[in-house]
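What follows is a short report on a single structure.
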Amino acid sequence: MTRNAPLLRWLALRLVGVVFVLWAVSTITFFAVRLIPGDPAQAILGGPGSQASADALAAARAEYGLDQPLLVQYLAFLGRLGVGNLGTSYALHQTVASVIGDNLIATLTLAAAALVVAVAIALGLAAWSTRGGRVAAAIGSALEVIGAAVPHFWLAILAIVLFSTTLGWLPPVSVPGPSGLVLPALVLAIPLAGFLGQVMREGLLDALSSPYALTARAHGEGESGVFWRHALKAAAVPAIGLTGWAFGSLISGAVVVETIFARPGLGRSLLAAVQGRDVPLVVGIVIVVALVYMLVTTVTDLAERIIDPRIGRRVTS
C-alpha cells in the first residue's frame, strides 16, 4: 500500500483535474455557442426556413427554458449535467446521449485505426532512418516534416483522386465495412505520423548513443539486439506520452475527414450542430470528446509511469 501511495495520490489528483476541466469546457462551450448569431427557438422549429409564427417561437422558448435569463439557463444546465443529463437536441429531437451513442463508436473506430496506422508508419520510418545512414536520415526527416505539414483536406482530395478516381481501388465516400475505413484512416494518420516520427527518431538516436547501449555493445550484443531490446523501449516513453495528445488531435481532425468522406461520426454531427445552433448537442459532443481525451491521456501517463518509474519520482521530488 505504501509503495503504491504516490501513484494513488497522482490518480486522485488527476480525477479532480478531470472534473475541473469538464466544468470549464462545458461552461466555455455553453456561453460560446450562445454568442453565435440566430435564435435557438428557430433551430428547434426547423431553422430560419421554417417561417414559424411568433406564438410557436414563444412556445418553443418557454418549453426549453430559453425565455429565462442566461444565468438561470446556465444553472439549470449545470444541474442537468450534474445528474448526467445532456439534454435534448434541438434539431434532431432526440436525447443528446442517444445521438452521441449512435456516432461515438464510428469516430472512435476511425481515430483508433488512424492511430495504429500513424504509429506503424512513424515507427517504421524512424527505425529505417536511424539505421540506414545519412541519406536515409535525410530522407526520413524530410518525409516526417512534409507529412506533419500537409493539411487533412488536401490529403483527402489527393487520396480520392489517386485511389478512387484513378486506380479505382477504394470508394470515394465512406461505406460500411473495412474498405470504407481505409482512406479516412490513412488521411488522418499521415500528419500524425510526421509528428510521432520526429519524436521517435530523436528518442532512438539518443538511446542508441546512450551509455547503456555502449555497454551492451561492449558485452558483444549486436546492433539489432541493442535496437530492439534497449533503444526501442527508451524511445517508446516520449511517444506514448504523445499518444493522448495524438488521440485528441485525431478526434478534432475527424470533423474535416468525416465531412469530406460523408462518414457518420461525432465530427460530422458537431459541424451540423454548430451550423444549426443546436446548443445541447454542441455542448454534449464537446464534453464527451474532452472526457475521452482526458481518459486517454490518463491511461498513457499511467503507462509512462509503469514503463519508467523515474517519471513519478522526478515529479514528486
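The values are calculated or read from the model by the stated rules, or taken from the named source; none is laboratory data. Not measured: the values here are computed from a predicted model. Neighbour counts are summed over all protein chains in view; Cβ atoms, including those assigned to glycine, are modelled from backbone coordinates with ideal geometry. The area values use the complete protein model at the heavy-atom level, side chains included, leaving out ligands, DNA and RNA. Shrake-Rupley method; radii C 1.70, N 1.55, O 1.52, S 1.80 Å.
One table, with the values for the structure above:
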quantity	calculated
Criterion (out of contact with any Gly (no Cβ under 7 Å at 6 or more places or on another chain), modelled with pLDDT under 80, among the polar types (S, T, N, Q) and in a helix (DSSP H, G or I)) met by exactly one of Ser269, Ser249	Ser249
Matching option when the condition is polar (S, T, N, Q) and within 24 Å of the chain's Cα centre (by Cα), among Ser53, Ser89	Ser89
Hits in region 139-155 - residues which are of a type in the set (A, V, I, L, M) and either outside any helix (DSSP H, G or I) or open to solvent by less than 60 Å² (accessible area, probe 1.4 Å) (or both)	Ala142, Ala148, Val150, Leu155
Test set (1) open to solvent by 50 Å² or more (accessible area, probe 1.4 Å); (2) assigned to a helix (DSSP H, G or I); (3) in contact (Cβ under 8 Å) with a residue 12 or more places away in the chain - Ala12 fails condition number	(3)
So Ser164, is it in contact with a helix residue (DSSP H, G or I) (Cβ under 6 Å, 6 or more places away or on another chain) and either farther than 14 Å from Ala126 by Cα or open to solvent by 50 Å² or more (accessible area, probe 1.4 Å) (or both)	no
Among the residues listed as Val99, Val83, Val119, the single one being more than 14 Å from the chain's Cα centre (by Cα), hydrophobic (A, V, I, L, M, F, W, C) and more than 30 Å from Val182 (Cβ to Cβ)	Val83
Residue match in region 239-246 (condition: of a type outside the set (A, V, I, L, M) and at pLDDT 75 or above)	no
Test: residue in region 37-51 that is open to solvent by 60 Å² or more (accessible area, probe 1.4 Å) and either touching a Phe, Trp or Tyr at 6+ places or on another chain (Cβ under 7 Å) or under 18 Å from Phe77 (Cα atoms) (or both)	no
All positions within region 79-101 that are touching a residue at least 24 places away in the same chain (Cβ under 8 Å) and in a helix (DSSP H, G or I)	Leu81, Val96, Ala97, Val99, Ile100
In region 2-19, residue nearest to the chain's Cα centre (by Cα) [restricted to those that are aliphatic (A, V, I, L, M) and either at pLDDT 75 or above or on the phi > 0 side of the Ramachandran plot (or both)]	Val18
Pair list, Cβ under 7 Å, 6 or more apart: region 107-125 residue on the phi < 0 side of the Ramachandran plot, other residue aromatic (Phe, Trp, Tyr) and part of a helix (DSSP H, G or I)	Ala111/Phe247; Leu115/Phe247
Residue within region 176-191 that is touching a Pro at 6+ places or on another chain (Cβ under 9 Å), part of a helix (DSSP H, G or I), surrounded by 15 or more Cβ atoms within 10 Å (Cβ to Cβ) and modelled with pLDDT under 80 present	no
Any hit, region 216-228, residues being open to solvent by 10 Å² or more (accessible area, probe 1.4 Å), within 24 Å of Ala303 (Cα to Cα) and either assigned to a helix (DSSP H, G or I) or at pLDDT below 85 (or both)	yes
